[in-house]
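Q: So that we are looking at the same thing, I have put the structure below in structure tokens.
The values are calculated or read from the model by the stated rules, or taken from the named source; none is laboratory data. What you see is a predicted model; the values in this text were computed from it and never measured. Neighbour counts are summed over all protein chains in view; Cβ atoms, including those assigned to glycine, are modelled from backbone coordinates with ideal geometry. We work out accessible area using only protein heavy atoms, side chains counted, and drop any ligands, DNA or RNA first. Shrake-Rupley method; radii C 1.70, N 1.55, O 1.52, S 1.80 Å.
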Amino acid sequence: QVQLVESGGGLVQAGGSLRLSCSASARTGRTFESYAMGWFRQAPGTEREFVASISRRNEGTLYADSVKGRFTISTDSAKNTMYLQMNNLKPEDTAVYYCAAPVGTYGPWAEYIPQRENEFNYWGQGTQVTVSS
């Protein structure tokens, strides 16, 4: 079983920055192995939506149009940690942010980067990000 733990959320004014972290671990004696990781978010009264994802094999990335140019996803493989640097935050970025990872060490092809919610099997508990205007 894989455990994902998010941190770094909080309250920030519009135009400010936050960095979210997601620490991944496998059960005792096992190594966390997943070919990708991703961030999703859910605002009150809305469905959970894709934010960004990254391949752990070639570090290719995908972003939702709403965050392109403002958010940057990255990983530190040695630490099994993923980050989301969020700059120029807007009130509409307010949501609970979830870390997620698919099962498996390989995607459908070498450069594949998942972005659909049903492609991710492991989820964190979420961290609240609130952006005030």
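Q: Quick one: Karplus J couplings for the stretch 36-49, per residue in order, coefficients 6.51, -1.76, 1.60, θ = phi - 60°, nearest Hz, x for Gly and Pro?
A: 7, 9, x, 10, 10, 9, 9, 8, x, x, 10, 7, 5, 10
Q: Still on this structure, I have one more. For Thr94, what residues show an amide H to amide H distance below 5 Å, using hydrogens built from the backbone and excluding near sequence neighbours?
A: Result for Thr94 returns Val131.
Q: Starting from the stretch 1-85, pick out the GluC sites (Glu not before Pro) whose DSSP state is loop and whose Cβ has at most 15 other Cβ atoms within 10 Å.
A: Hits after loop and neighbour filter: Glu33, Glu47, Glu59.
Q: Now, a different point. What whole-number distance in Å separates the alpha-carbon centres of the stretch 98-123 and the stretch 1-71?
A: First find each Cα centre; the distance between them is then 12 Å.
Q: Roughly how many Å² is the accessible area per residue of the chain, as a whole number, for a 1.4 Å probe?
A: Solvent-accessible surface per residue comes out at 52 Å².
Q: Next question, about the same structure. In the stretch 1-103, what trypsin sites (Lys or Arg not before Pro) fall in a loop by DSSP, with at most 13 other Cβ atoms inside 10 Å?
A: The qualifying sites are Arg27, Arg30, Lys68.
Q: If amide H atoms are built 1.01 Å from N in the plane of the peptide, which residues on other chains or at least 5 residues away come under 5 Å of the amide H of Gly126?
A: Glu6, Cys99
Q: Then there is this: Pairs of alpha-carbon atoms within less than 8 angstrom and 6+ residues apart define the contacts here; what relative contact order does the chain have, in percent?
A: With pairs under 8 Å counted, the relative contact order is 35 percent.
Q: Starting from the amide H of Val51, placed 1.01 Å from N in the peptide plane, find each other amide H under 5 Å away whose residue is 5 or more places distant or on another chain.
A: Trp39, Phe40, Arg41
Q: Can you send over the carbon and sulfur percentage of the accessible area for the chain, probe radius 1.4 Å, protein chains only?
A: The C+S portion of the solvent-accessible surface of the chain is 45 percent.
Q: Please list, in order along the stretch 91-108, the HN-Hα scalar couplings obtained from phi with the Karplus expression 6.51 cos²θ - 1.76 cosθ + 1.60 (θ = phi - 60°), rounded to whole Hz, x for Gly and Pro.
A: x, 6, 7, 4, 4, 8, 9, 10, 8, 8, 8, x, 7, x, 9, 9, x, x
Q: Along the charge dipole of the stretch 1-113, pointing to its positive end and built from +1/-1 on Cβ of Lys, Arg, Asp and Glu, which listed residue (Cys22, Phe40, Phe71) has its Cα farthest out?
A: Checked the options; the winner is Cys22.
Q: Mean 1/r over all different Cα pairs, inverted: what Kirkwood radius does the stretch 1-74 give, in Å?
A: Its Kirkwood hydrodynamic radius stands at 14.2 Å.
Q: While we're looking at this one, here's another question. What are the equivalent ellipsoid semi-axes of the chain, built from the alpha-carbon gyration tensor (square roots of five times its eigenvalues), in whole angstrom, biggest first?
A: Ellipsoid half-lengths, sorted descending, are 24, 15, 13 Å.
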